[in-house]
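Below: the structure, in structure tokens.
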Amino acid sequence: MRTRDPAAGPDGAGGEDPARRAYLRRRKRYAVLMTVCLALFIGAWALVRLWSVPVAIGMCVVAMVIPPVAAIIGNRRGPDDRWWDEPGPR
């Protein structure tokens, strides 16, 4: 019978560093946004351009905005994230 680790958090990630979880969460958000960006570019010029070039161009414009937004979101600090491991005020 498996017992639950009492040190585990609500998600069952016992003993995992909160900074690592925050890093993985930011990395996942970045990856999702960049996947959407690639899907827009590829879909625009592989499929949509056959029906409507202006719509394909619009999709590319939207996709062009995503990488800087993804970088900002991927590097955004969460409310409980430590940043630069600076100690609090003394």
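The values are calculated or read from the model by the stated rules, or taken from the named source; none is laboratory data. All values reported here derive from a predicted model rather than from experimental measurement. For neighbour counting, all protein chains shown are included, and Cβ atoms are generated from backbone atoms with ideal geometry for every residue, glycine included. Calculation scope for accessible area: heavy atoms of the full protein, side chains included, ligands and nucleic acids excluded. Shrake-Rupley method; radii C 1.70, N 1.55, O 1.52, S 1.80 Å.
Of all the criteria given as (1) open to solvent by 50 Å² or more (accessible area, probe 1.4 Å); (2) at pLDDT 95 or above, the one not satisfied by Lys28 is (2).
Which of the residues that make up the stretch 46-60 are open to solvent by 40 Å² or more (accessible area, probe 1.4 Å) and assigned to a helix (DSSP H, G or I)? Outline the logic, then answer.
Going residue by residue through the stretch 46-60, those that are open to solvent by 40 Å² or more (accessible area, probe 1.4 Å) are 46-47, 49-51, 53-55, 57, 59.
Ala46, Arg49, Leu50, Val53, Pro54, Val55, Ile57, Met59, listed by residue number.
Sub-8 Å Cβ pairs linking a first residue in the stretch 27-52 that is more than 15 Å from Ala63 (Cα to Cα) and of a type in the set (D, E, K, R) to a second residue that is modelled with pLDDT under 95 and loosely packed, with under 15 Cβ neighbours inside 10 Å, at least 6 apart or interchain, are Arg29/Ile73, ordered by first then second residue.
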